[in-house]
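Student: The structure is given below, and queries will be raised subsequently.
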Amino acid sequence: MRIHRFSSAVDFLALAESALLAAEVENNLILGLAYALARRGPVVGGLAPYFAAATDEAGSVVMCAFRTLPGKVGVTRALQPAVLRPLAEDVWRACPDATSMIGPRPTVDAFAGDLASVSEMDAAPHTNQRLYELRAVVPPADPAPGHLRAARADDAGRLVEWTTAFFAAIREPGDAEGFVRSHLADGSLVVWDDEGIVAMAAAAGRTPHAARIGFVYTPPERRRRGYASALVAALSQRLLDEGRSHCCLYTDLANPTSNAIYQRLGYTPLCDIGRYTFTAGTRRARA
């Protein structure tokens, strides 16, 4: 088993792209990030990305790991169990600031244990998620009034408020102003407008045949009116009309309402996703 480490998304894709595209929707998160970083060019200042690909004796990629934000690590499915420990060791050497991890089950559960072992940290489940994919939209039976449109600069104040609330709801720290600013700049943030904006979402993770919808949020006073359903249906259809064959999104399994909404729109389960948090363990605290 050999671990290849990269700070360049372009170099990482040269080795791992074809293997990741074999499960393009499941690997949308790492592929979308790598493609976005490859388009932007080398990092100037700030945190350099971390990508790693593990290959077997035949040179085939059997698992990947990545970190593009401080403390946040992601992994892909392990095609060979023997890769887990050596890749966990490399992740810890490259990302000693790791505080959270995401990946497909059951790989992520085993990898969390290995990373906790090599880092002497404690791993705890954070959320149980599900990745859904869609190939054809089922329009809402009773669509909400209004229309989909791109978010504009004059929406920014409200969108920062909503993004702050979204981060709080998912129990994740985040830079709401930075998120809104960057997504307004690249045109990936959309809203549902019904005589004023009533819901938001982002289209990200653009890969050759798929795109990921995320950050779906409706403020409490606007809920139960079908706005989120209408927005996700319209955005999904737009992405398919642009030539993609798949859309995908993540849900929190603790929220049965959102899971039911997406399934009614044509989204079907692809795989379960685990998220873990890491904190200083007993052995490390004594050191």
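Student: Do the conditions hold for Ser60, that is, is it over 24 Å from Ala211 (Cα atoms) and of a type in the set (S, T, N, Q)?
Tutor: So Ser60 fits the description; yes.
Student: Failed condition for Thr127, given (1) at pLDDT below 95; (2) under 24 Å from Phe12 (Cα atoms), with all others met?
Tutor: With (1) at pLDDT below 95; (2) under 24 Å from Phe12 (Cα atoms) applied to Thr127, the lone miss is (2).
Student: Arg135 is checked against (1) of a type outside the set (Ser, Thr, Tyr); (2) open to solvent by less than 40 Å² (accessible area, probe 1.4 Å); (3) modelled with pLDDT of 95 or more and fails just one. What number does that condition carry?
Tutor: Arg135 satisfies all of (1) of a type outside the set (Ser, Thr, Tyr); (2) open to solvent by less than 40 Å² (accessible area, probe 1.4 Å); (3) modelled with pLDDT of 95 or more except (2).
Student: On to the next question. Would you check if Asp122 is at negative phi, among the acidic types (Asp, Glu), surrounded by 14 or more Cβ atoms within 10 Å (Cβ to Cβ) and outside any loop (DSSP other than H, G, I, E, B)?
Tutor: Judged against the criteria, Asp122 is a match.
Student: Moving on. Would you point out the residue of segment 139-174, among those that are within 25 Å of Asn255 (Cα to Cα) and of a type in the set (Lys, Arg), that is surrounded by the fewest Cβ atoms within 10 Å (Cβ to Cβ)?
Tutor: Arg171
Student: In the list Arg212, Arg206, which residue meets the criterion of being at pLDDT 95 or above, within 14 Å of the chain's Cα centre (by Cα) and basic (Lys, Arg)?
Tutor: After ruling out the rest, the residue left standing is Arg212.
Student: Let me ask another. Could you count how many residues in segment 141-174 are out of contact with any helix residue (DSSP H, G or I) (no Cβ under 7 Å at 6 or more places or on another chain) and outside any loop (DSSP other than H, G, I, E, B)?
Tutor: The qualifying residues number 13.
The values are calculated or read from the model by the stated rules, or taken from the named source; none is laboratory data. Predicted model, so just to flag it, every value in this text is computed and none were measured. So basically every Cβ, Gly included, is an ideal-geometry build from the backbone, and we count neighbours across all protein chains shown. Protein only, heavy atoms only, side chains kept; ligands, DNA and RNA dropped before computing areas. Shrake-Rupley method; radii C 1.70, N 1.55, O 1.52, S 1.80 Å.
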